[in-house]
Amino acid sequence: MRVRLLHPERDIDLSPRLPNTLIFLTEDDLELQRLYKAMAGGDSFLLEVAKKVVPLSVADPDIIVYRQHILADCMANRDVVEQMYAIAVEGDEVRRKVYLAGLVFREPGQILSGSLRLLAPLVENLKQLRRLCDEHAGQFRSAGMRQLTAMIADQLSDDYLQQLADHLAELNLPRGTLLSAALGPGNKGRDYTLHVPPRRGWWDKFTGNHTGYGFEIDPHDEHGSQALVELAGKALNDIANTVTQSADHVRGFFGRLRAELAFYLGCINLHDTLTKAEVPTCFPEPTPIGTRTFTCRDLRDVGLCLATDKPVSGNAIDADGTSLIVVTGANEGGKSTFLRSVGTAQLMMQAGMFVTSQSLRANVTNGVFTHFKREEDNTMTHGKFDEELARISAIVDFIGPQSVLLCNESFASTNEREGAEIARGIIDAMLECGVKVVYVTHMYDLAHSLYRRDNAEYLFLRAERRPDGVRTFRMKPAQPEPTSYGEDSFRRVFGAPAGAQ
Amino acid sequence: MAAFRSILFTDPDAANDIDDLTAPDCFADLYLDQIINDVVQGNADERLDRYFYLPLHDASAVIYRHEVFRDLERDEVRAPMEAFVVGMRTMRQRLDRSGRLWHPLQRQGWFVYAVQEFCDTVAALGDELGRITPSSRGLREFADYVASYVSGDRFRTLVAGIGDVQAELRKIRYMVHIEGLKVHVDRYDGQPDYSLDIAATFDRFASETAKDYRVRMKDFPDMNHVEEQILQCVARLYPEQFKRLDAFCTQHRTYLDATISRFDREVNFYLSYLAFVRRFTDAGLRFSYPSITDDPSSIRADDAFDLALAAKAAKDGNTMVCNDFHLTGPERVFVITGPNQGGKTTLARTIGQLAYLAALGCPVPASQATLTLPDDIHTHFERQETLATLHGKLDNELVRIHDILSRATPATIIVMNESFASTTVDDSLQIGAEVLGRIIALGCVAVYVTFLDELASLHRACVSMVGEVEHDDPTKRTFKFTRRPADGLAYAAALADKYRLARDALVRRIGQ
């Protein structure tokens, strides 16, 4: 039994593919915590799932669309999905209901009875799930939800559920343990096999009508009764294993169902919040890997949208065919926010989610990597510039072709010439390897030298500043300027132009 | 032809009191105890080492063993012998179990199981021996013996009997119904396997990565009283089969053939020693079958090494240094000198080991060797002082050497290591010269390790062996020994070189 709501053919591995340090860096740089919290809506399980699933970028546009359709379906049938989730939670937490503590699992018989006690409520949950699907399967439109409901109808037919119940009853061994064995070395028994004891009528019992020989263990003979348990265990071992693995599987199924539904419920929570804040959302259009597509209208940074009640301005970018985007321009002009909006939208798209934009069309990538200027180095092992180099080196260990690298004021912690030189080398290497780079910088030397290359695959954006110094927080295609209008900041802080004194 | 009795001894009675033997006195000093321990380690026969306590004094007995060794070095001869030994070990384990168990039906079960292994093993050995052609007298005669044993009535009856009994027991399958404390045993009547049903039903809940919950069942060969009672019920359900089992056990109580059993024990001497040797030949060291001589002046060995040290070196991944030694003309005493930690004691031990191993009829650790068969090997190594003797250390040493000299004959080998060092140099020299004089007068072969260069040129019976050092770094020992006068000069010269204190260098430095 498979859930397959995240991938049509297999259970994707939810463990992180990158080292934790890199994941934390990206999470921090893109301020994803805000996104995860909005998805969780106060539920810690939903938070964990969001944290796991969102960074596991899917690189296949078909699977992204597969998830988008499921998400749309879940939004349309929210009640049913929430009921399904409730059943999954119950199944997943079956161990809380069944008190197994104190049972020592050393004998196959004990293992068997422990698993039977778990399976009883699990089978009830399976029946509930089946009933729910019977009632509502017709409402679902997406391939994923239809596949799931069809699987449940197929795998959990009435006949099968009855058969299961019968076996569970028989496995409680109501008529004792019947086994057969052959003689092994030293005439000791071997090849133990379990059989179903016959149901004898009252007449047989009354007359004791059977052949063979027997004996009875003295009730005070503890060793004797222990020996009986061991003997039965030899015949029960395989079955106990099968039943326990099955209990694991059913519980695992509910656990998986719970986790995968939790992702979609998280998306719904996020959608609620954004809708309330009147932030536009849309399902983006993913294009295949390597197609160098990025076109958006009114793309907003979801983190900022969640952080503030004020209206957030969006950007329209036409960057199809672009391999490098260099963003320059005024301080406090929204460069970092723009960079984050690009990274977050990419991640959300590749998780199969909607994005905060009127429209977005972008190629999928092999992963989003971030290299942001960091305030302090608290490891004390590196100087600031050293730390930057060590960090890019750690990224280089894992970045592959067709990824995207977002740089925010990278290598600015040394003098501009040296920083630019290093940055150019890294940019060139990345581009050569097919990594898309978005680079926010105030290093005029770097931006200008790249601009002079006059490469059609390079796009230069500038944070808009009206002549009166007011920022629109919009990125416009423009060549780099030798100033970042730091004077504006100076004036804002000091209330007077620099050098006015 | 059927006279074959022992693969180790030409005189089969030579080993009559083998189990009472203890290690010869020289064992610890020559590290032979470590070597033999290594050789017999892991062998099921706890007393295999006893065969290594019995050196031979007859060249023909040594050659008898050399022939067998050479045969067993061939894989096609050794493999069936190893299989035979493994089979016999299994048989003995089962027999042992049968003897230790209490319940008669179980004893019989294990007995039959042991006999089964014996029959299979001996039959396989008979087949293999028919296929190979041993060149040694020992193995040829054994092959003849096995051939006649296998085709004999006694063995054939045994094989036929075991087949019948086993086949009948194997056919038995019985049911046990446990209900509460009641146990009921009956014949099995084709009831279906319930676990197949369960597996089929739960199949859709199976996953490839499932954890294995099967309990590892303790499987004692012994039975508890419940199993015994069940077995008794089974015996009542199948009386014919168990009656035949009983008859078989009574009839074949003494099935084990004494000669084959003795061969099984003795052939381990060869197999374990060869397995030990292979550890070193794989590492590039060479072994050889020594020529046996009566003439001490033709004693020689090339590329000899200390086997105990080699075993340690192999473990630590170090390479071994090999040494040559020989006697000519009147020479009888190796006087070994050289730097501390330079391998003097190792060389002395090597010579002693070679002599002893040659007398066991074993290949020796040298690429080529000619050796005598000593009537005894005495060692005189430093001992810890003990209060019990009430003597000082020097006195003790003197008492011991006196004892050795009074027992030694011209055919004895004496190995002395740093003897009489616990006194002044003059005393030491005087006593050493005195003792050496007696040894020389006796005419036996001796090894004398000393720091006294003077002893090396004491007499023309002495041959001086000097431990060498690295030419450009005298702090490094080469562990190589050469026959040359003990003058200690090479070491001094090398040291001088290293610190640019050699004569020419000093002249130049001073002249600057």
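Below is a table of values for the structure above.
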{"quantity": "Evaluation of A:GLY290 against (1) outside any loop (DSSP other than H, G, I, E, B); (2) more than 14 Å from chain B (Cβ to nearest Cβ) (one fails), failing number", "calculated": "(1)"}
{"quantity": "Among residues of region B:437-461, those that are of a type in the set (A, V, I, L, M), buried (at least 22 other Cβ atoms within 10 Å of the Cβ) and closer than 15 Å to B:ILE413 by Cβ, counted", "calculated": "5"}
{"quantity": "Some residue of region A:147-166 being more than 23 Å from B:PRO192 (Cα to Cα) and among the hydroxyl-bearing types (Ser, Thr, Tyr)", "calculated": "yes"}
{"quantity": "Only one of B:ARG204, B:ARG187, B:ARG214 that is modelled with pLDDT of 90 or more and either surrounded by 13 or more Cβ atoms within 10 Å (Cβ to Cβ) or of a type in the set (A, V, I, L, M, F, W, C) (or both)", "calculated": "B:ARG187"}
{"quantity": "Residue count for region B:404-436, restricted to those that are surrounded by fewer than 16 Cβ atoms within 10 Å (Cβ to Cβ) and at pLDDT 90 or above", "calculated": "4"}
{"quantity": "Flag for B:LEU237 being closer than 30 Å to B:GLY161 by Cα, facing another protein chain (nearest Cβ under 8 Å), in contact with a Leu (Cβ under 7 Å, 6 or more places away or on another chain) and at pLDDT 90 or above", "calculated": "no"}
{"quantity": "Unique residue being of a type in the set (Phe, Trp, Tyr) and either farther than 30 Å from B:HIS66 by Cα or outside the structural domain of B:LEU72 (by TED's automatic domain parsing) (or both) when the list is B:PHE155, B:PHE142", "calculated": "B:PHE155"}
{"quantity": "Pairs, first more than 7 Å from every other protein chain (Cβ to nearest Cβ) in region B:202-230, second assigned to a loop (DSSP other than H, G, I, E, B), C-beta under 6 Å, six or more apart", "calculated": "B:GLU228/B:HIS103"}
{"quantity": "For B:TYR149: the one exception among (1) modelled with pLDDT of 90 or more; (2) outside any helix (DSSP H, G or I); (3) among the hydroxyl-bearing types (Ser, Thr, Tyr)", "calculated": "(2)"}
{"quantity": "From B:ILE162, B:ILE178, residue being in contact with a helix residue (DSSP H, G or I) (Cβ under 9 Å, 6 or more places away or on another chain), facing chain A (nearest Cβ under 9 Å) and either on the phi < 0 side of the Ramachandran plot or outside any helix (DSSP H, G or I) (or both)", "calculated": "B:ILE178"}
{"quantity": "Region A:233-254 residues that are without any contact (Cβ under 8 Å) to a residue 40 or more places away in the chain and within 20 Å of A:THR177 (Cβ to Cβ), paired with ones that are of a type in the set (Val, Ile, Thr) and surrounded by 24 or more Cβ atoms within 10 Å (Cβ to Cβ) (beta carbon under 7 Å, 6 or more apart)", "calculated": "none"}
{"quantity": "Complete set of residues in region B:345-387 that are more than 17 Å from B:MET320 (Cβ to Cβ) and part of a strand (DSSP E or B)", "calculated": "B:THR370, B:LEU371, B:THR372, B:ILE377, B:HIS378, B:THR379, B:HIS380"}
{"quantity": "Test result for A:MET39, crowded, with 16+ Cβ neighbours inside 10 Å and at pLDDT below 90", "calculated": "no"}
{"quantity": "Odd one out for A:ILE111, checked against (1) of a type outside the set (Ser, Thr, Tyr); (2) under 25 Å from A:CYS74 (Cα atoms); (3) part of a helix (DSSP H, G or I)", "calculated": "(2)"}
{"quantity": "Residue among B:VAL68, B:VAL40, B:VAL62 that alone is crowded, with 18+ Cβ neighbours inside 10 Å and either small (Gly, Ala, Ser) or in contact with a strand residue (DSSP E or B) (Cβ under 7 Å, 6 or more places away or on another chain) (or both)", "calculated": "B:VAL62"}
{"quantity": "Residue in region A:160-168 that is more than 7 Å from every other protein chain (Cβ to nearest Cβ), modelled with pLDDT of 90 or more and buried (at least 20 other Cβ atoms within 10 Å of the Cβ) present", "calculated": "no"}
{"quantity": "Region A:23-36 - residue that is in contact with a strand residue (DSSP E or B) (Cβ under 7 Å, 6 or more places away or on another chain) and among the hydrophobic types (A, V, I, L, M, F, W, C) and, of those, surrounded by the most Cβ atoms within 10 Å (Cβ to Cβ)", "calculated": "A:LEU30"}
{"quantity": "A:VAL80 vs. criteria under 30 Å from A:ALA232 (Cβ atoms), touching a residue at least 12 places away in the same chain (Cβ under 8 Å) and in contact with a helix residue (DSSP H, G or I) (Cβ under 8 Å, 6 or more places away or on another chain)", "calculated": "no"}
{"quantity": "Criterion violated by B:PHE205 - all others in (1) closer than 30 Å to B:VAL77 by Cβ; (2) not assigned by TED's automatic domain parsing to the domain that holds B:GLY138 satisfied", "calculated": "(1)"}
{"quantity": "Matching residues, region B:1-39, being aliphatic (A, V, I, L, M) and within 25 Å of B:VAL146 (Cβ to Cβ)", "calculated": "B:MET1, B:ALA2, B:ALA3, B:ILE7, B:LEU8, B:ALA14, B:ALA15, B:ILE18"}
{"quantity": "Residue in region B:116-123 that is within 30 Å of B:SER272 (Cβ to Cβ), at the interface with chain A (Cβ under 8 Å from one of its Cβ atoms) and crowded, with 19+ Cβ neighbours inside 10 Å present", "calculated": "no"}
{"quantity": "Given (1) touching a His at 6+ places or on another chain (Cβ under 7 Å); (2) more than 16 Å from A:LEU347 (Cα to Cα), number of the condition A:HIS69 does not satisfy", "calculated": "(1)"}
{"quantity": "Helices (runs of 4 or more DSSP H) enclosed by region A:1-93 - at least 2 residues per element that are over 20 Å from A:LEU274 (Cα atoms) and touching a Ser or Thr at 6+ places or on another chain (Cβ under 6 Å)", "calculated": "A:20-29"}
{"quantity": "Total residues in region A:293-348, condition among the charged types (D, E, K, R), in a helix (DSSP H, G or I) and either surrounded by fewer than 22 Cβ atoms within 10 Å (Cβ to Cβ) or touching a strand residue (DSSP E or B) at 6+ places or on another chain (Cβ under 7 Å) (or both)", "calculated": "1"}
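Every residue, every condition in (1) surrounded by fewer than 22 Cβ atoms within 10 Å (Cβ to Cβ); (2) of a type in the set (Ser, Thr, Tyr); (3) within 14 Å of chain B (Cβ to nearest Cβ); (4) closer than 28 Å to A:GLU48 by Cα, yes or no:
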position: A:ASP238; (1), (2), (3), (4): yes, no, yes, no
position: A:THR242; (1), (2), (3), (4): no, yes, yes, no
position: A:PHE253; (1), (2), (3), (4): no, no, yes, yes
position: A:GLU260; (1), (2), (3), (4): no, no, no, yes
position: A:THR273; (1), (2), (3), (4): yes, yes, no, yes
position: A:GLU278; (1), (2), (3), (4): yes, no, no, yes
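The values are calculated or read from the model by the stated rules, or taken from the named source; none is laboratory data. Every value quoted in this text rests on a predicted model; they were computed, and no experiment measured them. Note that each Cβ is placed from the backbone with ideal geometry, even for glycine, and that neighbours are counted across all protein chains shown.
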